[in-house]
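Note sheet for the following structure.
Coordinate-derived values only; no laboratory data. All of these numbers come straight from a predicted model, not from anything done at the bench. Ideal geometry is used to build each Cβ from the backbone, glycine not excepted, and the neighbour counts take in all protein chains shown.
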Amino acid sequence: MLRNRSVPSPSVIPILPYPDVREAVAWLTRVFGFVERMRIAVHRAQMNIGGEGAMIVAEYIDRTRRPERGADHISHQIMVRVDDVDAHHARAVREGAEILEAIVEHVFGERQYVVRDVGGHRWTFSQTIRDMHPSEWADAEVQLLVE
């Protein structure tokens, strides 16, 4: 793939709308530890997430792109892998983030928590605690199709 320094390098790059891009970047930096990579005027920013992840923060282009804020509506959720989910969670709590689900250790070898950001987006932060082949899960409905 051809390299372009104007675009983050990951193959998948979520673009999330926020009503105030500068406020969102400051919040995502302070609470989640993301790093602003590029600033494009006041309406867009690129952010690095950990070593290999990236996202684009954009202002609402029109009302149809605005994320739902209803308590029962979930339009999307983004998962970010971190080295220390407990430290990440503590930072989010200290900064007053809205924790939606406390840290849970899952059968598939991950410790995770869920938080809502300043723009209403849901994030799952996940730490691998052990390597688990899907055949080791108790759920017989899980099938690993490509290894």
**OP:** Would you mind ranking Ser135, Ser9 by Cβ crowding within 10 Å, fewest neighbours first?
**Re:** Ser135, Ser9
Original post:
Once you list every other residue whose beta carbon is under 14 Å from the beta carbon of Val104, what net charge do they have if Lys and Arg are +1 and Asp and Glu are -1?
Top reply: -3
Subject >> Fewest-first sequence of Val21, Val42 by Cβ atoms within 10 Å of each Cβ >> reply: Val42, Val21
